[in-house]
1. Right, ALA301: buried (at least 23 other Cβ atoms within 10 Å of the Cβ) and within 23 Å of PRO76 (Cα to Cα) or not?
2. Within the stretch 275-290, take every residue that is surrounded by 18 or more Cβ atoms within 10 Å (Cβ to Cβ) and more than 16 Å from ligand 2 (Cβ to nearest atom) and give me the one that is nearest to GLN338 (Cα to Cα).
3. Check ASP77, ASP116, ASP123, ASP163 and return the single one that is among the acidic types (Asp, Glu) and touching a residue at least 60 places away in the same chain (Cβ under 8 Å).
4. Mind telling me which of the residues LYS90, LYS85 ends up being of a type in the set (Lys, Arg) and within 15 Å of ligand 2 (Cβ to nearest atom)?
5. Kindly provide the set of residues from the stretch 64-75 that are part of a loop (DSSP other than H, G, I, E, B) and within 14 Å of ligand 1 (Cβ to nearest atom), ordered by number.
6. Among the residues of the stretch 86-94, is any hydrophobic (A, V, I, L, M, F, W, C), more than 22 Å from VAL245 (Cα to Cα), touching a His at 6+ places or on another chain (Cβ under 7 Å) and crowded, with 21+ Cβ neighbours inside 10 Å?
7. Which of the residues spanning the stretch 248-274 are hydroxyl-bearing (Ser, Thr, Tyr) and either within 14 Å of ligand 2 (Cβ to nearest atom) or open to solvent by 20 Å² or more (accessible area, probe 1.4 Å) (or both)?
8. How do the pairs read when you match residues in the stretch 134-146 that are touching a residue at least 12 places away in the same chain (Cβ under 8 Å) with residues anywhere that are more than 16 Å from ligand 1 (Cβ to nearest atom) and not acidic (Asp, Glu), using Cβ under 6 Å and keeping only pairs 6 or more apart or on different chains?
Amino acid sequence: MYKIAVIPGDGTGPEVTKEAVKVLKAAADKFNFKIETTEFDFGGERYKRTGETLPDSAVEDLRRFDAILLGAIGHPDVAPGILEKGILLKARFELDQYINLRPVKLFPGVDCPLKDKGPDDIDYVVVRENTGDLYTGTGGISMKGTPNEMAVQSAVYNRFQVDRCLKYAFEYARKHGKKARDRGDKNTLALSGKTNVLTYVYDLWERAFHEMGKADYPEIEREYYHVDATCMWMVKNPEWFDIIVTGNMFGDIITDLGAITQGGMGIAAGGNINPEGVSMFEPIGGSAPKYTGKGVINPLAAICAMQMMLETLGEETAAAAVEKAVMFATANKLKSMQAGKMGYSTSQVGDLIAEKVAQ
Ligand code: IPM
Ligand code: MN
């Protein structure tokens, strides 16, 4: 029995989450495990009503679940940053979800903006560190409102954070790299950094990367790319990549680029993972206010997030079946990944996947 906390959130979040839960229930029936879902109403509407984002007591509640499924956070009536920091980042930090795992995988039948690239070329995973860097909020503004005002925001990493992220990434490469997946003759972990300019933070990352690789994972091929070059190769030669590990800020940026190469926000999913605690799974796209309530948003990203949740919970057969069902739908059913252009409504897409999983 898995206890799942569901936070549908804002905008189209509830619509896509409903479909993810629909497929989760189908998978549970088919593969003989039990789930119990508990819904939480954190998001913009609750904030407008009560002034509350994610209260500390809620964080304690969330710790008691096996996993969290999140729809989307972000409301047009609420100033940017309040809900993002108060809910999403607070959950990531307080639950110490120190990995943000973001597969970049082009499914069959999905339109790719890269010329001559197909599912064989775009199939890699970004391991984004999820607790440090510019996201710690270290910094401040002084002399605000004067001509001399000054703002500082610091990229912060300590060795502990870097090491635990690298360890996860090496282990992940060992289990899921291209060799492990029968897609190549070696497993490769690439560090994406900026050692030519960020000579403190990425010096730490690079030293830690090679030290750990040499000592504990000698069979895993190590590569290094500057982050700007990483972007270039993600477009020009995405087939070069296997597993990429990087800091929080670069990881945020390159995974949006990755998402668009795999068909866009309608399909891109991620997991905020605490390997020793409670993890939270979410579609990478936002709350899409302009599509809210229309039944046209693509739920596949949320379904894929739920699929990652099943994998993390150890329900690997069910996870594989969900992925297969999504691939079946992208290859044979959906006309497009874009909202309103799928050829199906949001709930019809959920039905399609749920039916396929149940077969
Ligand atoms: C993401 C988002 C968040 C981030 C925002 C909404 C705080 O862009 O999950 O990638 O920057 O991490
Ligand atoms: Mn982002």
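The values are calculated or read from the model by the stated rules, or taken from the named source; none is laboratory data. If you're wondering where the values come from, they're calculated on a predicted model, not measured in any experiment. Every residue, glycine as well, gets a Cβ built from its backbone with ideal geometry; the counts of neighbours run over all protein chains shown. What goes into the accessible areas is simple: the full protein's heavy atoms, side chains included, and nothing from ligands, DNA or RNA. Shrake-Rupley method; radii C 1.70, N 1.55, O 1.52, S 1.80 Å.
1. On the way: buried (at least 23 other Cβ atoms within 10 Å of the Cβ): yes; within 23 Å of PRO76 (Cα to Cα): yes.
Spelling it out, ALA301 is indeed buried (at least 23 other Cβ atoms within 10 Å of the Cβ) and within 23 Å of PRO76 (Cα to Cα).
2. The first filter runs over the stretch 275-290 and keeps only residues surrounded by 18 or more Cβ atoms within 10 Å (Cβ to Cβ), leaving 278-285, 287-288.
Within this subset, residues satisfying the condition of being more than 16 Å from ligand 2 (Cβ to nearest atom) are 278-279.
Numbers: VAL278: 31, SER279: 28 Å.
For the stretch 275-290, the residue satisfying everything is SER279.
3. Details: ASP77 fails: touching a residue at least 60 places away in the same chain (Cβ under 8 Å); ASP116 fails: touching a residue at least 60 places away in the same chain (Cβ under 8 Å); ASP163 fails: touching a residue at least 60 places away in the same chain (Cβ under 8 Å).
Being among the acidic types (Asp, Glu) and touching a residue at least 60 places away in the same chain (Cβ under 8 Å) holds for just one of ASP77, ASP116, ASP123, ASP163, which is ASP123.
4. Numbers: LYS90 fails: within 15 Å of ligand 2 (Cβ to nearest atom).
Only one candidate passes the filter, namely LYS85.
5. In the first step, residues of the stretch 64-75 are kept if they are part of a loop (DSSP other than H, G, I, E, B); the result is 64-66, 73-75.
Scanning the stretch 64-75 gives ILE73, GLY74, HIS75.
6. Residues of the stretch 86-94 that are hydrophobic (A, V, I, L, M, F, W, C), as a first pass: 87-89, 91, 93.
Next cut, more than 22 Å from VAL245 (Cα to Cα) only: 87.
Those still in the list that are touching a His at 6+ places or on another chain (Cβ under 7 Å) too: none.
Within the stretch 86-94, not a single residue is hydrophobic (A, V, I, L, M, F, W, C), more than 22 Å from VAL245 (Cα to Cα), touching a His at 6+ places or on another chain (Cβ under 7 Å) and crowded, with 21+ Cβ neighbours inside 10 Å.
7. To start, the set of residues in the stretch 248-274 that are hydroxyl-bearing (Ser, Thr, Tyr) comprises 255, 261.
The answer is THR255, and nothing else.
8. Sorted first by the residue in the stretch 134-146, then by its partner, the pairs are THR138/SER154; GLY139/VAL152; GLY139/SER154.
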